[in-house]
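Colleague: First the structure, which I've put down as structure tokens, then a few questions once you've had a look.
The values are calculated or read from the model by the stated rules, or taken from the named source; none is laboratory data. Everything numeric in this text was worked out from a predicted model, so none of it was measured. Cβ sites come from the backbone with ideal geometry, for glycine too, and all protein chains shown count toward neighbours. Each accessible area value is taken on the protein alone, full model and side chains, heavy atoms only, with ligands, DNA and RNA left out. Shrake-Rupley method; radii C 1.70, N 1.55, O 1.52, S 1.80 Å.
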Amino acid sequence: MKDIIEIRWHGRGGQGAKTAALLLADAALSSGKYVQAFPEYGPERMGAPVTSFNRISSKPILLHSGVLSPSIVIVLDPTLIESVDIGEGMPSDGVIIINTNKCPADIRKELGCPSSVKVFTVDASTISTETIGRDIPNTPLLGALIKATGILDFKDMLEDTKKKLEKKFKNKPEVIEGNIKAIERAYNEVQK
């Protein structure tokens, strides 16, 4: 693992980019990593573009600035590709994970990515609709992220996420179960 892995999440208000960054940070912290998770907002309203960030390291993180060169970019809403430079600052060996029903080769063409950038796709919207009952692609993208990068142990991340969801949704076991199924499905269905 690099000294510090930096991740940028692109989504729209209400899709869970901030929550996904926090869940990932909690899981990484539980596995003994040092973490940071923070959002960046424009106007805070449902549907407005939002960006969230993570830093994960096996050593203390002394940076206290925005993430300018993410090695991993995750896109919750594929329509953002048209208006946001999702590859901004990404190194030539970066990883892009996009919520779409398109294949990675089509997305690579759309973005004009060099062949050294790893592009992954997963239909997180369909997965979340079928497992959770709503189009909230954040938790499925956690599963896709772990499969694509291996930055955390999948079973440990899943268990930690389940514990966090049990605290938040203790009276809604169907929400917990749906999110866990969504993570597992995306882990198995992500395409490279």
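Colleague: Looking only at residues in segment 122-136 that are part of a loop (DSSP other than H, G, I, E, B) and acidic (Asp, Glu), which one is modelled with the highest pLDDT?
Modeller: Filtering first and then ranking leaves 123.
Colleague: What tally of residues in segment 7-38 results from selecting those that are modelled with pLDDT of 90 or more and either among the acidic types (Asp, Glu) or in contact with a strand residue (DSSP E or B) (Cβ under 7 Å, 6 or more places away or on another chain) (or both)?
Modeller: 22
Colleague: Something else now. Go through segment 156-176 and give me each residue that's out of contact with any helix residue (DSSP H, G or I) (no Cβ under 8 Å at 6 or more places or on another chain) and either hydroxyl-bearing (Ser, Thr, Tyr) or in a helix (DSSP H, G or I) (or both).
Modeller: Just the residues of segment 156-176 that are out of contact with any helix residue (DSSP H, G or I) (no Cβ under 8 Å at 6 or more places or on another chain), to begin with: 159, 163, 167-168, 170-174.
The answer is 159, 163, 167, 168, 173, 174.
Colleague: Which of the residues spanning segment 47-76 are charged (D, E, K, R) and open to solvent by 40 Å² or more (accessible area, probe 1.4 Å)?
Modeller: Scanning segment 47-76 gives a single hit, 59.
Colleague: If I ask for residues that are crowded, with 23+ Cβ neighbours inside 10 Å and outside any helix (DSSP H, G or I), which ones from segment 137-155 would you list?
Modeller: Selection gives 137 alone.
Colleague: State all residues of segment 59-80 that are within 25 Å of residue 124 (Cβ to Cβ) and among the hydrophobic types (A, V, I, L, M, F, W, C); if no residue qualifies, say none.
Modeller: Matches in segment 59-80: 67, 72, 73, 74, 75, 76, 80.
Colleague: Would you confirm whether or not segment 110-121 contains a residue that is surrounded by fewer than 21 Cβ atoms within 10 Å (Cβ to Cβ), assigned to a helix (DSSP H, G or I) and modelled with pLDDT of 95 or more?
Modeller: No, the conditions are met nowhere in segment 110-121.
Colleague: Between a first residue in segment 152-171 that is touching a residue at least 12 places away in the same chain (Cβ under 8 Å) and of a type in the set (Phe, Trp, Tyr) and a second residue that is assigned to a loop (DSSP other than H, G, I, E, B) and open to solvent by 80 Å² or more (accessible area, probe 1.4 Å), which pairs have beta carbons less than 7 Å apart while being 6 or more apart in sequence or on different chains?
Modeller: none
Colleague: So, in segment 122-136, of the ones that are more than 14 Å from the chain's Cα centre (by Cα) and surrounded by fewer than 24 Cβ atoms within 10 Å (Cβ to Cβ), which residue ends up nearest to residue 173 (Cα to Cα)?
Modeller: For segment 122-136, the residue satisfying everything is 132.
Colleague: Residues in segment 4-22 that are touching a helix residue (DSSP H, G or I) at 6+ places or on another chain (Cβ under 7 Å) and either open to solvent by 20 Å² or more (accessible area, probe 1.4 Å) or in a strand (DSSP E or B) (or both): how many? Steps first, answer last, please.
Modeller: First, the residues of segment 4-22 that are touching a helix residue (DSSP H, G or I) at 6+ places or on another chain (Cβ under 7 Å): 9-11, 15-17, 19-20.
Restricting the remaining residues to those that are either open to solvent by 20 Å² or more (accessible area, probe 1.4 Å) or in a strand (DSSP E or B) (or both) gives 9-11, 15, 19.
Of the residues in segment 4-22, 5 are touching a helix residue (DSSP H, G or I) at 6+ places or on another chain (Cβ under 7 Å) and either open to solvent by 20 Å² or more (accessible area, probe 1.4 Å) or in a strand (DSSP E or B) (or both).
Colleague: Pairs only if they're at least six apart or on different chains, beta carbon under 6 angstrom, first in segment 63-81 and within 20 Å of residue 112 (Cα to Cα), second open to solvent by 50 Å² or more (accessible area, probe 1.4 Å) and not acidic (Asp, Glu); list them, first residue then second.
Modeller: 77/12
Colleague: Please go through segment 169-183 and pick out each residue that is at pLDDT 95 or above, in contact with a Gly (Cβ under 9 Å, 6 or more places away or on another chain) and not small (Gly, Ala, Ser).
Modeller: Within segment 169-183, just 183 meets the criteria.
Colleague: Please name all residue pairs, on different chains or six or more residues apart, with Cβ atoms under 6 Å, provided the first residue is in segment 91-105 and is more than 9 Å from residue 75 (Cα to Cα) and open to solvent by less than 10 Å² (accessible area, probe 1.4 Å) and the second residue is at pLDDT 95 or above and not aliphatic (A, V, I, L, M).
Modeller: 94/71
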